[in-house]
1. Just to confirm my filter: which helices (runs of 4 or more DSSP H) fall fully inside the stretch A:400-484 and include at least 3 residues that are over 17 Å from A:Glu309 (Cα atoms)?
2. Mind checking whether some residue in the stretch B:101-122 is within 23 Å of B:Met211 (Cα to Cα), buried (at least 19 other Cβ atoms within 10 Å of the Cβ), over 21 Å from the mean Cα position of the chain (by Cα) and at pLDDT below 95?
3. Tell me, please, whether a residue that is polar (S, T, N, Q) and either within 14 Å of chain A (Cβ to nearest Cβ) or in contact with a Phe, Trp or Tyr (Cβ under 7 Å, 6 or more places away or on another chain) (or both) can be found in the stretch B:410-425.
4. Out of the stretch B:48-62, which residues are out of contact with any Pro (no Cβ under 7 Å at 6 or more places or on another chain) and buried (at least 20 other Cβ atoms within 10 Å of the Cβ)?
5. Test A:Val379 against the stated conditions and say whether it is modelled with pLDDT of 90 or more and buried (at least 20 other Cβ atoms within 10 Å of the Cβ).
6. How many residues are touching a Cys at 6+ places or on another chain (Cβ under 9 Å) and assigned to a strand (DSSP E or B) when one looks only at the stretch B:295-329?
7. If A:Ala471 meets every condition in (1) surrounded by fewer than 22 Cβ atoms within 10 Å (Cβ to Cβ); (2) away from chain B (no Cβ under 13 Å) apart from one, which number is that one?
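The values are calculated or read from the model by the stated rules, or taken from the named source; none is laboratory data. Everything numeric in this text was worked out from a predicted model, so none of it was measured. Methodologically, a virtual Cβ is constructed for each residue, glycine included, from the backbone with ideal geometry; neighbour enumeration extends over all protein chains shown.
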Amino acid sequence: MSSSTDTQTLHDVANQEYKYGFITDVASDSLPPGLDEGVIRALSAIKKEPEWLTEWRLKAYRHWLTMEEPHWPKVEYTPVDYQSISYYSAPKSQEDGPKSLDEVDPELLETYKKLGIPLSEQKMLSGIAVDAVFDSVSVATTFKDKLGELGIIFCSFSEAVLEHPELVRKYLGSVVPYSDNFFATLNSAVFSDGSFVYIPPGVRCPMELSTYFRINAANTGQFERTLIVADKGSYVSYLEGCTAPMRDENQLHAAIVEIVALEDAEVKYSTIQNWYPGDKEGKGGIFNFVTKRGMCKGDRSKISWTQVETGSAITWKYPSCILKGDDSVGEFYSVALTSGRQQADTGTKMIHIGKNTRSTIISKGISALNGQNSYRGLVRVQKGAENARNFTQCDSMLLGDQCGAHTFPYIDVRNPTARVEHEATTSKIGEDQLFYCLQRGIEMEDAVSMIVNGFCKEVFRELPMEFAVEARKLLSVSLEGSVG
Amino acid sequence: MTVMTPELSGHQAARDAFVEGPGAQAPAWLADLRQAGWDRFQELGFPTTDHEDWRIADVSPIAKTAFTLPKSQTAGADIGTFDDLSGPTLAFVDGAFAPELSNIGSLPKGVLVMPLSEAIVSHRELVEPRLASLAGDGEAFTEMNTAFLREGLFVHVAKNVDLPGAVQARFLARASSDACMTQMRSLVVLEEGARATVLEEFLSEDEAGPMFTNAVTQYFLGANAHGKHYLIEREHEAAYVVSSLYVEQQRDTDFASHSALLGGAVVRNNVFPTMRGENCMSVVNGMYIPHDDQIHDNRMLVRHTMPNCQSRQYYRGILSDHAKTMFSGRIVVDEGAQQTDAVQSNKNLLLSRTCMAQTKPQLEIYADDVKCTHGATTGQIDESAIFYFKARGIHEADARRLLTFAFVNEIFERMDLEVVRERLQGLVADRLNQKV
């Protein structure tokens with residue numbers, strides 16, 4: 001590990017271009033930049049939304065005007081000009097919507113091909129139903145019929161608003177209220193589209209549901225809204241993964257994910273996030289300010305979040321669980337990698353309300369080059385949460401002497417029967433482990449990738465198989481040459 | 001000019017009384033230092049519970065009460081000295097030095113022990129730059145303390161001198177019908193290779209009225225120095241207390257801070273060690289045993305600025321009744337502070353259904369070749385351990401008592417002054433025996 005190879009490998013990684021940076025030229029139907037009540041009404045009208053939803057958006061917008069942008073996280077960024085964002089952008093050909101793949105814009109299909117989304121025959125092989133979101137409107141939904149037989153609803157949010165208004169109205173904002181936080185409130189006012197999932201009682205969803213989000217048209221913030229409702233005794237595993245094209249201006253992504261799990265239901269939500277992290281000076285990356293929250297509403301329900309965060313200039317999100325039902329379980333598994341100039345302030349909140357609730361938090365942070373990685377988490381045990389149990393482990397690994405790793409856990413216990421444990425370690429990649437590998441003829445890069453993958457194993461184990469493979473690959477690619 | 005809030009104007013009267021009364025006849029440099037502190041305090045104002053660092057310790061009663069400066073009366077005061085502890089004792093009653101209750105005795109050559117008010121006059125060169133070094137650190141209560149800077153403990157140990165035993169500073173608040181405040185500032189300077197132990201104990205007469213104690217201690221360790229500090233907080237349970245210990249460590253120094261919080265209504269104890277040279281060791285060892293409606297808030301900020309330093313922080317708390325506690329510990333490892341080895345641990349034992357423990361063990365690391373760990377637990381006594389005792393014929397109540405006491409024993413074991421440890425163990429046992 002001479003310093004010259006250090007420098008060389010650092011150069012290599014610094015000069016590495018973002019591999020998924022391409023722009024698809026599709027005529028977009030956008031609202032002009034800016035935000036006022038008119039824009040929200042127009043947006044709502046384009047989407048043919050019912051009156052109650054328009055009012056709900058306006059209520060959120062009015063509340064948003066009274067809020068201040070928070071600055072407590074350990075991230076630095078140039079302020080976002082909310083008036084320069086276009087709040088709606090949809091690919092053309094909206095009149096009837098495509099009936100089959102043939103009707104879909106070939107350029108769109110080309111984009112999906114590059115992303116590796118199995119939209120045509122591949123979907124059969126991989127067994128994944130894809131609700132692909134291209135910019136803000138769902139273009140194609142697959143496997144709908146098969147899911148329909150079981151009574152599962154898996155569609156775009158706008159479609160759900162029109163076809164299942166009673167479900168949407170009942171659960172929208174029930175976990176993340178419109179007044180929750182600055183970005184969630186903004187999202188509530190201007191959310192464009194997203195996915196809606198409803199699993200009826202006692203149904204076990206036979207396949208992994210998956211959505212690929214992709215930010216495309218320039219200057220378009222993405223305000224996705226996902227709502228997953230798992231009725232009594234049901235099970236669903238939901239995958240979310242993202243890539244985005246290269247862009248010079250910072251793009252804001254303020255999404256909301258709401259999950260409701262009723263009695264005995266289980267929801268597993270997995271994310272791979274690989275948006276454009278910006279160039280070597282950190283210019284142009286995505287701002288990922290997301291509110292994700294799940295409510296274990298019924299007894300014995302379970303919500304599990306797994307995330308692999310390798311992209312974005314700034315990641316700022318805390319997928320959380322409200323453990324309201326007795327015996328409910330919350331889990332959070334996370335790998336966050338920051339390289340280049342990336343900053344991540346991520347973690348989770350576990351709010352124990354019901355009796356015998358349990359939560360597990362496993363967080364692995366990896367910092368390389370000038371990356372800054374923070375874990376920030378809250379474990380709260382309310383007065384009535386008898387026998388609540390929490391185990392938290394957050395480990396950080398540092399690769400290089402310019403990066404930072406920070407841990408800010410908050411533990412708040414108000415019930416003496418609770419058992420809460422927190423452990424954290426921060427250390428350098430093991431010299432002896434590297435030496436061991438090198439000595440056996442394994443290349444430095446492979447050795448690093450192997451060790452880092454081993455470090456993250458506890459999290460990858462939680463991912464569905466297709467995702468785990470992708471996550472491992474992603475991590476290796478992101479780490480390429482960052483250690484010497 | 002900042003607009004004066006009602007809170008601040010209430011304290012302006014005390015400040016005016018101070019400037020004209022006990023604070024009069026100060027040398028110009030000190031008057032300037034105080035004024036600058038007062039100006040900055042007014043800018044900062046009292047922290048509110050909206051402030052991230054003040055979520056639990058609600059100091060609004062301090063802000064709202066117009067505290068006055070106490071009139072010191074020493075007749076009949078019991079300062080509870082550790083008689084078996086060798087070394088000088090300084091007594092301060094209601095913020096004023098009480099020579100008749102103090103016993104400085106004969107000191108080894110090169111050791112200065114005296115009240116700060118005396119050192120300000122006789123050893124300006126040792127005192128002035130160090131007192132001034134806290135200016136503008138952003139802590140409102142430290143600035144306020146500077147504004148009332150006058151009295152406290154002063155210790156100076158010359159190069160390579162070993163001061164045996166411990167220097168005791170005893171701060172007693174007497175019974176008073178008025179709401180009184182004291183603002184003590186202690187300064188301990190160990191030159192290169194010097195060794196000393198300093199103990200500060202805050203106590204009050206039981207029937208003392210509402211009061212506010214704001215104490216700041218500055219501890220400077222020259223290269224190779226070995227220093228220890230003990231803080232015992234035993235004021236009555238209507239007292240508002242803010243105590244802050246600032247430690248500056250040069251290379252190859254060894255420092256240990258021990259604290260025991262038992263008294264007070266709301267107690268905020270800050271410990272801020274900064275390692276400015278290589279090869280330092282810094283230990284922060286503390287316990288808090290709040291009951292009834294007490295609030296104990298421990299905040300700690302350990303800064304590693306240079307390579308090859310070690311730090312250890314151990315805090316344990318036993319909560320009963322409606323007690324609330326906060327532990328907020330942060331280790332900052334600066335860029336370039338390679339080979340840092342830091343360990344932080346906070347454990348809480350909850351004995352009642354109505355108490356609340358919050359903990360925020362935090363790491364902020366900007367260097368890669370480091371080993372930092374932290375851990376925190378909150379829970380109750382392990383039922384299987386109780387079962388183990390019962391299986392061996394030990395009554396459940398005894399088993400609980402033993403296990404509860406054993407929970408903080410680890411903290412006692414690190415305290416090397418035996419008389420202090422024994423007295424504290426007695427006090428803790430008295431309190432816990434009523435709770436378990």
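1. Values: elements: A:431-439, A:444-455, A:457-460, A:465-479.
Answer list for the stretch A:400-484: A:431-439, A:444-455.
2. no
3. As a first pass, look at the stretch B:410-425 and keep what is polar (S, T, N, Q): B:425.
Those left that are additionally either within 14 Å of chain A (Cβ to nearest Cβ) or in contact with a Phe, Trp or Tyr (Cβ under 7 Å, 6 or more places away or on another chain) (or both): B:425.
Yes, there is a match, as at least one residue in the stretch B:410-425 is polar (S, T, N, Q) and either within 14 Å of chain A (Cβ to nearest Cβ) or in contact with a Phe, Trp or Tyr (Cβ under 7 Å, 6 or more places away or on another chain) (or both).
4. B:Ile56, B:Ala57, B:Ile62
5. Working: modelled with pLDDT of 90 or more: yes; buried (at least 20 other Cβ atoms within 10 Å of the Cβ): yes.
Yes, satisfied.
6. Residues of the stretch B:295-329 that are touching a Cys at 6+ places or on another chain (Cβ under 9 Å), as a first pass: B:304, B:306, B:308-311, B:319-325.
Narrowing further to those that are assigned to a strand (DSSP E or B): B:304, B:310-311, B:319, B:324-325.
Selection size over the stretch B:295-329: 6.
7. (1)
Residue by residue, here is whether (1) free of Cβ contacts under 8 Å to residues at least 60 places away in the same chain; (2) surrounded by 21 or more Cβ atoms within 10 Å (Cβ to Cβ) holds:
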{"site": "B:Thr213", "(1), (2)": "yes, yes"}
{"site": "B:Glu233", "(1), (2)": "yes, yes"}
{"site": "B:Asp254", "(1), (2)": "yes, no"}
{"site": "B:Glu278", "(1), (2)": "yes, no"}
{"site": "B:Asp297", "(1), (2)": "no, yes"}
{"site": "B:Val302", "(1), (2)": "yes, yes"}
{"site": "B:Ser311", "(1), (2)": "yes, yes"}
{"site": "B:Leu319", "(1), (2)": "yes, yes"}
